[in-house]
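For reference, the structure is listed below as structure tokens.
The values are calculated or read from the model by the stated rules, or taken from the named source; none is laboratory data. Treat the numbers as computed from the prediction; the structure is a model and nothing was measured. Note: ideal-geometry Cβ built from the backbone for every residue, glycine included; neighbour counts use all protein chains shown.
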Amino acid sequence: MSGGSILFRKELLESWRTMRLPIVAGLFLLVGLSSPLLAKFLPEIVKAAAGDQLVGVVVPTPVPADAADQLWKNLAQFGAFAAIVLAMGAVATERDRGTAAFILSKSVSRGAFIVAKVAAIGGVLAVCTTLAVVVGWVYTAILFEPLPVGGWIAMAILAWLGLAAWAALTFLGSTVTGSAAAAAGLGFGALLVLSIASAIPNLGRFLPGGLAGPAIALAAGVPVEASDVVTPVIATSVLIAVALGVSVWSFRRQEL
Amino acid sequence: MTGEIPAAVSCRGLTKRFTGNGGVLAVAALDLDVPAGSVFGLLGPNGAGKTTTLRLITGLARPTAGVVSIDGRPVSASTDQGLAARRGIGVLDQDPRYYGWMSGRELVELAGRLQGLAASEARARAMETLGLVGLADAAGRRVAGYSGGMRQRLGIAQALVARPRLLILDEPVSSLDPEGRRDLLVLIAELRASATVLFSTHVLADIERICDRVGILDHGRLVTEGPLDDLLARFALPLYRLDPEPGQDAAVETLTATLRGTPWVDGVRSHEGRLVVSVSDERAASAGLLPIVVAAGVRLAVFERVRPSLEDVFLRLVGSENGGEAVA
């Protein structure tokens, strides 16, 4: 697309200069560090805090798979929050500030403008998710034992896909409403509704929440059925593609 | 087409009605040709539709009806033809906003890259263009720290960096100091040989100084359009300037009322104690104006026939409803 690669580099530079990338990377680093620690010491913390009240209650001994489970949970919460914050102003702020008009008065297609932004957000999330998973794997290996690298790579990819879904839905809100606040509302609303809907039997595997089970299992070295991975991956990919397609369609029809 | 010269910009039936606020008609069935190689001034009072027209031409706004083409290619937001039409165009917005985190040099480079320049060429041209607008010393500073006038100069640099064949400037001198304004007008005039320039303004003096052709917009309609000299010949009426001696307010008021009731007087404007009388019958005026002044008992310091200006044409065509607001 015309001007796409130039705009992509500009978006990445902007992420760095405006501290978005360092801040989100710091958050993900913290998630990667804290998750295995929490998995390892949570039972001890609970015992120390509850004291005699836990008499008769068996607190399970932490296992390496708990670290993967904790990392996924933390990424699903803090990571989703970061994804929504990254995407909420992507288009709305540029329209509001008038910088979109500066770019689009050049020989740049509106599709390229949108795709460059999405690719940059996806890139930032990919870097940060990789950082969290690498640090989480190392800390898990130190505190427990090394888990299969391939399984953690799979978890990283699935985690990225899940976060990309929240970013894509928020991005759609940013494009269609032209308001960063409304986009954030849409992103958090979608996160809440789809997370609740994931608990519904047979529906969850068709939502981003359906990525959790196979991702944690793969990271723990537990074999999973191919369909358990493929179904939520395809469903989430379709959700992302539809959100971005509607974003491009809508943006092409907008006044600047 | 305008005569034998091809149109760089052509608008046919261009209409823009904004939804909301009762559906304001900003541009109404505009037919306009900007000849290639000309410096074309789009003139009009505030709210006349100048900015909307320019945004329609650059593809930033979508017309309700009608078409715009640049060098024969239709402009639209997203088609390949629209992209091709926008290649080689430099645009300066009325209120330019840029990325504050970039340096001036980076921003102009980005504009050049997006207009198809190679990286090394964009870098070299960016410095050259920033020098041209007097921002060479501030090239490395972040845009967030630029003043309004510096942002305007930066906007001109980013519009010029790819050496466009068509330059579209919306109120380009509005934030500039007198020196910057003079420099930019000289720069625009110098571009005449290599580019077509379409710019909007409400400053009549700027138009008179550098434009070959003028289009006057009012309430979204093109009131008239043509070479400056033609407009003056067609619409400018003979003018007389009368400077009464001070301290004759009552007599001057009587004189003004009398003149307004005279059949061959087209209009009387009063400005800083001076009367400017436009007349529809020059022969009758030369014989009858002074006797009317004498009869009113008004003593004059100056009585002269003056050359009509674009201001007089403008006020005659649109000024009555705008009270001369647009005249700077």
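May I ask you to list the residues in the stretch A:1-32 that are more than 23 Å from B:LEU114 (Cβ to Cβ) and either more than 10 Å from chain B (Cβ to nearest Cβ) or under 18 Å from the mean Cα position of the chain (by Cα) (or both)? Within the stretch A:1-32, A:PRO22, A:ILE23, A:VAL24, A:ALA25, A:GLY26, A:LEU27, A:PHE28, A:LEU29, A:LEU30, A:VAL31, A:GLY32 meet the criteria.
Applying the selection to the stretch A:210-237, what residues are in a helix (DSSP H, G or I) and among the acidic types (Asp, Glu)?
A:ASP228 - this is the single residue of the stretch A:210-237 that is in a helix (DSSP H, G or I) and among the acidic types (Asp, Glu).
For every residue, the table says whether it meets (1) out of contact with any Pro (no Cβ under 8 Å at 6 or more places or on another chain); (2) under 25 Å from B:ILE216 (Cβ atoms); (3) at pLDDT 90 or above.
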position	(1), (2), (3)
B:THR262	yes, no, yes
B:SER270	yes, yes, no
B:GLY273	no, no, no
B:VAL279	no, yes, no
B:PRO291	yes, no, yes
B:PRO308	no, yes, no
B:LEU315	yes, yes, no
B:ASN322	no, yes, no
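Answer yes or no as to whether B:LEU187 is at pLDDT below 95 and either farther than 22 Å from A:ILE103 by Cβ or within 14 Å of chain A (Cβ to nearest Cβ) (or both). So B:LEU187 passes the test.
Cβ separations smaller than 7 Å between residues 6+ apart or across chains give the following pairs from the stretch B:92-109 residues that are more than 9 Å from chain A (Cβ to nearest Cβ) and closer than 15 Å to B:LEU160 by Cβ to residues that are among the hydroxyl-bearing types (Ser, Thr, Tyr) and not in a loop (DSSP other than H, G, I, E, B): B:VAL108/B:THR129. Scanning the stretch A:215-243 for residues that are over 29 Å from A:TRP137 (Cα atoms) and out of contact with any helix residue (DSSP H, G or I) (no Cβ under 6 Å at 6 or more places or on another chain) yields A:VAL238, A:ALA241, A:VAL242. The residue list B:ALA233, B:ALA257, B:ALA251 contains one member that is part of a helix (DSSP H, G or I), surrounded by 15 or more Cβ atoms within 10 Å (Cβ to Cβ), at negative phi and small (Gly, Ala, Ser), which is B:ALA251. I need the full set of residues from the stretch A:178-194 which are touching a residue at least 60 places away in the same chain (Cβ under 8 Å) and within 17 Å of the chain's Cα centre (by Cα), in order please. Those that are touching a residue at least 60 places away in the same chain (Cβ under 8 Å) and within 17 Å of the chain's Cα centre (by Cα): A:ALA183, A:ALA184, A:GLY187, A:PHE188, A:LEU191. Scanning the stretch B:75-91 for residues that are within 22 Å of B:LEU169 (Cβ to Cβ) and without any contact (Cβ under 8 Å) to a residue 12 or more places away in the chain, we see that the one that is surrounded by the fewest Cβ atoms within 10 Å (Cβ to Cβ) is B:ALA84. Under the condition of being surrounded by fewer than 24 Cβ atoms within 10 Å (Cβ to Cβ) and farther than 15 Å from A:LEU158 by Cβ, the residues counted in the stretch A:127-141 number 7. Could you tell me whether the stretch A:42-51 includes any residue that is under 28 Å from the mean Cα position of the chain (by Cα), among the aliphatic types (A, V, I, L, M) and more than 14 Å from chain B (Cβ to nearest Cβ)? Checked against the condition, which is being under 28 Å from the mean Cα position of the chain (by Cα), among the aliphatic types (A, V, I, L, M) and more than 14 Å from chain B (Cβ to nearest Cβ), the stretch A:42-51 yields at least one hit. If only residues of the stretch A:87-122 that are hydroxyl-bearing (Ser, Thr, Tyr) and part of a helix (DSSP H, G or I) are counted, the one that is nearest to the other protein chains (Cβ to nearest Cβ) is A:THR99. Residues that are surrounded by 12 or more Cβ atoms within 10 Å (Cβ to Cβ) and not in a helix (DSSP H, G or I) within the stretch A:33-86 comprise A:VAL59, A:PRO62, A:VAL63, listed in sequence order. Considering only residues that are more than 10 Å from chain A (Cβ to nearest Cβ) and part of a helix (DSSP H, G or I), which ones fall in the stretch B:110-127? Matches in the stretch B:110-127: B:SER120, B:GLU121, B:ARG123, B:ALA124, B:ARG125, B:ALA126, B:MET127.
Within this structure, A:THR175 fails the test of being in contact (Cβ under 8 Å) with a residue 24 or more places away in the chain, assigned to a helix (DSSP H, G or I) and surrounded by fewer than 22 Cβ atoms within 10 Å (Cβ to Cβ).
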